[in-house]
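Colleague: The structure follows.
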Amino acid sequence: MVVARQTGGQLVIIDRLREMVRLGEGVDANGQLDPKVAARALASLERFGHRLAHMRARSVRVVGTSALRRIRNRRAFLEKARIAIGHPIDVISGREEARLIYAGVAQTLPRSTERRLVIDIGGGSTEAIIGRGLEPIEMESLKMGCVTMSNEYFDDGKISMGRFERARLAAAQEIEPIRIAYRKRGWTTVAGSSGTIRAMYEALAEIDPRCTSITREGLETLIERFVAAGHVSRLPFASIGVDRRPVIAGGLAILAEIVAQLGIRRMQVADGAMREGVLYDLFGRLTTGDARDTTVRSMQSRYHVDAEHASRVEATAVALWRQLAPAKRNDNPPADLCLRWAARLHEIGLDVAHSGYHRHGAYLLENADMPGFARDEQKILARLVRCHRRKLELEGLADLAPPWDRLAERLILVLRLAVLLHRNRGAERPPRISLSARGRVVTARFRLRSLRRHPLTEADLASEQRLLKASGLTLRIAFR
């Protein structure tokens, strides 16, 4: 956990907390989470939650990475975790993890226009990013980490050269798909982030106090020392703590092979990592700009969305939602923000095919790489777009993460009505509408004279009543 204060438009780190939980070692090949490991993680989150409560932090974001991506049925655990820490948890994709890692490293290194390579070895994944300045250019998340590699090849703590060779061969297989492209793109400097890489640098400094960076030769020397020790419990390095020893051999195998395969000559160790990246990303949402807005604009451009029409639908949808939403909500992110994004992107499927374009759009939103978005945010966007027209498919809404499981149905209804009211796609203002809801009954009130000036809208509303009724919802049309 990283805590910062905003001072003079800058972030000042005031506290860092870290506990080694190794959640990934509790996830088996079938995606089942070991109850003991789950309890260990929840206890840690509860301690963090107490610290956050006393700090009275104004803005908090909690992020889950590779281990939570691997859990097959993670909703029950995420709900317990949310209660423990007092905040919802965003499970992010590997590429989003890579983007945040690069942001954390770039923000804590001297500003430079040179192209740099950033490597981060986590528990269940390894990220490799090429970027310039604050912007990533190439991002990849490889499915190997210090926990998973150690569990596979060093599970009993024994170390041998044969085990290292097998682990390095597995790492080389993961690196192979990106090796040529990355070496062709090239870089000037290399930075390593996270505790695993720092621990190896500090071990090298124990061997040679003059050491200033990680090199291929240095890593080969480390491997020799590890093999000579024969077991993780006998490693002769004070810098490798007891909590890290069970997973360090797998991390060393990964780093040694990355350095060899990518031809890295020298790697510096960065102070920043993903935690700092999340922090700066959160700061950006509150000040300079939200990466999610940038992503939405990019997708509108890529899929040739009619931006003027989308903007009109957005304005109407937000106005309707404000009539339904409780006066004081603290959803994260705000529900009206997700509604805005869905309105802007509801027609992206048209670039694939007109027939069933709402289904095409939903598929794109659920499966695309969307920088800044958590997986649950992409899921709710996909559901809103999937259900904004034609037959209403509400199955599975209860499986969405909170708060979307209870908000999704009404958000869908609001988006459907906004799209319906702008069916003619013109700049003419739609008939005025006042919206209220009670349970699964929504009442739309119009001025009779105003609605009669839009006979096609009146017909569309009658069709909408029939579609909603088939899904157990009631739309009442009233006049004032």
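Colleague: Could you figure out which of (1) in a loop (DSSP other than H, G, I, E, B); (2) of a type in the set (Lys, Arg); (3) crowded, with 19+ Cβ neighbours inside 10 Å isn't true of Arg210?
Modeller: Arg210 satisfies all of (1) in a loop (DSSP other than H, G, I, E, B); (2) of a type in the set (Lys, Arg); (3) crowded, with 19+ Cβ neighbours inside 10 Å except (3).
Colleague: For Trp187, work out the one condition from (1) touching a Lys or Arg at 6+ places or on another chain (Cβ under 8 Å); (2) assigned to a helix (DSSP H, G or I); (3) surrounded by fewer than 23 Cβ atoms within 10 Å (Cβ to Cβ) it doesn't fulfil.
Modeller: Condition (2) is where Trp187 drops out.
Colleague: I've got another one for you. Can you find a residue in region 260-283 that is at pLDDT 95 or above, out of contact with any Gly (no Cβ under 8 Å at 6 or more places or on another chain), assigned to a helix (DSSP H, G or I) and β-branched (Val, Ile, Thr)?
Modeller: no
Colleague: Now, a different point. Taking the conditions exactly as written (surrounded by 17 or more Cβ atoms within 10 Å (Cβ to Cβ), in contact with a Phe, Trp or Tyr (Cβ under 6 Å, 6 or more places away or on another chain) and in the same structural domain as Leu364 (by TED's automatic domain parsing)), does Val305 satisfy them or not?
Modeller: In short, no.
Colleague: Being in contact (Cβ under 8 Å) with a residue 40 or more places away in the chain and either out of contact with any strand residue (DSSP E or B) (no Cβ under 6 Å at 6 or more places or on another chain) or surrounded by 14 or more Cβ atoms within 10 Å (Cβ to Cβ) (or both) is true for just one of Gly426, Gly372, Gly356, Gly396. Which residue is that?
Modeller: None of the other options fit; the residue is Gly372.
Colleague: Between a first residue in region 129-157 that is of a type in the set (Asp, Glu) and a second residue that is at pLDDT 95 or above and assigned to a strand (DSSP E or B), which pairs have beta carbons less than 6 Å apart while being 6 or more apart in sequence or on different chains?
Modeller: Short answer, once both residue conditions are applied: Glu138/Ile130; Glu140/Ala128.
Colleague: Any idea how many residues of region 183-217 are closer than 12 Å to Val259 by Cβ and either touching an Asp or Glu at 6+ places or on another chain (Cβ under 8 Å) or in contact (Cβ under 8 Å) with a residue 40 or more places away in the chain (or both)?
Modeller: 8
Colleague: Could I ask something else about it? Which ones in region 189-213 are hydroxyl-bearing (Ser, Thr, Tyr) and on the phi < 0 side of the Ramachandran plot?
Modeller: Once the filter is applied, which keeps residues that are hydroxyl-bearing (Ser, Thr, Tyr) and on the phi < 0 side of the Ramachandran plot, region 189-213 yields Thr189, Ser193, Thr196, Tyr201, Thr212, Ser213.
Colleague: Restricting to region 447-461, and then to whatever is in contact with a strand residue (DSSP E or B) (Cβ under 8 Å, 6 or more places away or on another chain) and assigned to a helix (DSSP H, G or I), can you tell me which residue is surrounded by the fewest Cβ atoms within 10 Å (Cβ to Cβ)?
Modeller: Only one residue tops the list, namely Leu448.
Colleague: Something else now. Residues of region 375-406 being basic (Lys, Arg) and in a helix (DSSP H, G or I), which ones?
Modeller: Matches in region 375-406: Arg375, Lys379, Arg383, Arg386, Arg406.
Colleague: Among helices (runs of 4 or more DSSP H) lying entirely in region 44-122, which contain 1 or more residues that are surrounded by fewer than 19 Cβ atoms within 10 Å (Cβ to Cβ) and touching a residue at least 60 places away in the same chain (Cβ under 8 Å)?
Modeller: By residue number, 75-85, 94-108.
Colleague: Which is under 30 Å from the mean Cα position of the chain (by Cα), of a type outside the set (Phe, Trp, Tyr) and in the same structural domain as Arg244 (by TED's automatic domain parsing), of Arg216, Arg168?
Modeller: Testing whether each residue is under 30 Å from the mean Cα position of the chain (by Cα), of a type outside the set (Phe, Trp, Tyr) and in the same structural domain as Arg244 (by TED's automatic domain parsing) leaves just Arg168.
Colleague: If Asp155 satisfies every condition in (1) over 14 Å from Glu257 (Cβ atoms); (2) in contact with a helix residue (DSSP H, G or I) (Cβ under 7 Å, 6 or more places away or on another chain) but one, which is the exception?
Modeller: (2)
Colleague: While we're looking at this one, here's another question. Can you pull out the residues in region 5-43 that are part of a helix (DSSP H, G or I) and either hydroxyl-bearing (Ser, Thr, Tyr) or free of Cβ contacts under 8 Å to residues at least 60 places away in the same chain (or both)?
Modeller: Answer for region 5-43, where residues must be part of a helix (DSSP H, G or I) and either hydroxyl-bearing (Ser, Thr, Tyr) or free of Cβ contacts under 8 Å to residues at least 60 places away in the same chain (or both): Gly26, Pro35, Lys36, Val37, Ala38, Ala39, Arg40, Ala41, Leu42, Ala43.
The values are calculated or read from the model by the stated rules, or taken from the named source; none is laboratory data. Keep in mind that this is a model prediction, so the values were computed, not measured. With ideal geometry, Cβ positions are generated from the backbone for all residues, glycine too; neighbour counts draw on all protein chains shown.
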